[in-house]
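Written below as structure tokens is the structure these notes are about.
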Amino acid sequence: MEIKEEIRGDVAVLHLSGKMMGGPDTMKLHEHVKGLIADGLRKLVIDLADVKWLNSSGMGALIMCLTSVRNARGQLKLSAITEKVESLLMITHLLTVFETAETAERAVGSFNNVSMQ
């Protein structure tokens, strides 16, 4: 799995590609998110457009990221979820836990309507 970071104003967008199958890759994602939080960024988007598949370890990594961001009084959104990944998130009811958007651009724009405290 590859992670590319993009900062848009006060929102960090992480573009993921490949498979989220656990191991060092998922830990790398969580560490990356924790680093952004340490840098003061509390609005994050994880773009899943190029994620081909994720297993339970990958889902666990997304939950760890969400928990870390929420504990920092921030917000995390998922964008561009592929059909395969969406079906997994639906089966596990995680679609009700994560805020989602059709594109990274829409996710970033949606932060303008939310006040952070």
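Taking the condition touching a Lys or Arg at 6+ places or on another chain (Cβ under 6 Å), in contact (Cβ under 8 Å) with a residue 12 or more places away in the chain and among the aliphatic types (A, V, I, L, M), does VAL33 pass? Here the answer is no, as VAL33 does not meet what is asked.
Taking region 1-93 and the strands (runs of 3 or more DSSP E) fully enclosed by it, the elements with 3 or more residues that are farther than 22 Å from PHE111 by Cα and modelled with pLDDT under 95 are at 11-20, 43-54.
Within region 105-117, the set of residues being hydrophobic (A, V, I, L, M, F, W, C) and either outside any helix (DSSP H, G or I) or closer than 19 Å to ILE3 by Cβ (or both) comprises ALA107, VAL108, VAL114, MET116. Once region 58-99 is narrowed to residues that are among the polar types (S, T, N, Q) and surrounded by fewer than 16 Cβ atoms within 10 Å (Cβ to Cβ), the residue that is nearest to the chain's Cα centre (by Cα) is THR67. Could you list all residues from region 94-104 that are of a type in the set (A, V, I, L, M) and part of a strand (DSSP E or B)? Of everything in region 94-104, just one residue is of a type in the set (A, V, I, L, M) and part of a strand (DSSP E or B), namely ALA101. Within region 1-31, restricting attention to residues that are buried (at least 17 other Cβ atoms within 10 Å of the Cβ) and closer than 14 Å to LEU76 by Cα, which residue is farthest from the chain's Cα centre (by Cα)? Applying the filter and picking the extreme gives VAL11. Just one of the listed residues (ALA38, ALA49) is in contact with a strand residue (DSSP E or B) (Cβ under 9 Å, 6 or more places away or on another chain) and surrounded by fewer than 21 Cβ atoms within 10 Å (Cβ to Cβ), and it is ALA49.
The values are calculated or read from the model by the stated rules, or taken from the named source; none is laboratory data. Given the structure is predicted, the values throughout are model-derived calculations rather than measurements. With ideal geometry, Cβ positions are generated from the backbone for all residues, glycine too; neighbour counts draw on all protein chains shown.
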